[in-house]
Amino acid sequence: MIVFQLLLLAGVAFLIYISQSKKLKGDKKMSILFFTILSIGLFYGTTYILQIEIPSLANKMTSIVKSLQGMKT
């Protein structure tokens with residue numbers, strides 16, 4: 001099941017790439033932004049499928065603020 005989900009994720013990313021590649025050929029900054037967002041999505045999608053816990057920046061910042069305020073996290 002995990003292999004199917006990973007293949008599905010890769011297939012969707014490939015379809016997004018194919019559909020947007022012609023529009024992004026002339027604009028270098030937009031293509032860099034597009035591939036950055038696509039790779040971040042692939043990374044987080046893969047970690048979700050493989051059930052790897054990655055603490056988010058928001059959760060880390062919340063725990064820092066709570067510890068500064070003296071609250072238990």
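The values are calculated or read from the model by the stated rules, or taken from the named source; none is laboratory data. Keep in mind that this is a model prediction, so the values were computed, not measured. Positions of Cβ are backbone-derived with ideal geometry, glycine not excepted, and every protein chain shown enters the neighbour counts. Note: accessible area is taken over every heavy atom of the protein model, side chains too, but ligands, DNA and RNA are not part of it. Shrake-Rupley method; radii C 1.70, N 1.55, O 1.52, S 1.80 Å.
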- Message: Against the definition (exposed (fewer than 11 other Cβ atoms within 10 Å of the Cβ) and polar (S, T, N, Q)), how does Gln51 come out, yes or no?
- Response: yes
- Note on the structure: Expected single match for without any contact (Cβ under 8 Å) to a residue 40 or more places away in the chain and open to solvent by less than 60 Å² (accessible area, probe 1.4 Å) among Gly45, Gly70 is Gly45
- Query: With respect to the numbered conditions (1) open to solvent by 70 Å² or more (accessible area, probe 1.4 Å); (2) in contact with a helix residue (DSSP H, G or I) (Cβ under 7 Å, 6 or more places away or on another chain); (3) of a type in the set (A, V, I, L, M, F, W, C), which one is the sole condition not fulfilled by Ile40?
  - Reply: (2)
- Message: Of the residues Ser56, Ser63, only one is modelled with pLDDT under 85, among the polar types (S, T, N, Q) and under 15 Å from the mean Cα position of the chain (by Cα); which?
- Response: Ser56
- Query: In the range 12-36, what residues are surrounded by 11 or more Cβ atoms within 10 Å (Cβ to Cβ) and either in contact with a Gly (Cβ under 9 Å, 6 or more places away or on another chain) or among the polar types (S, T, N, Q) (or both)?
  - Reply: Val12, Ala13, Ile16, Gln20, Ser21, Ser31
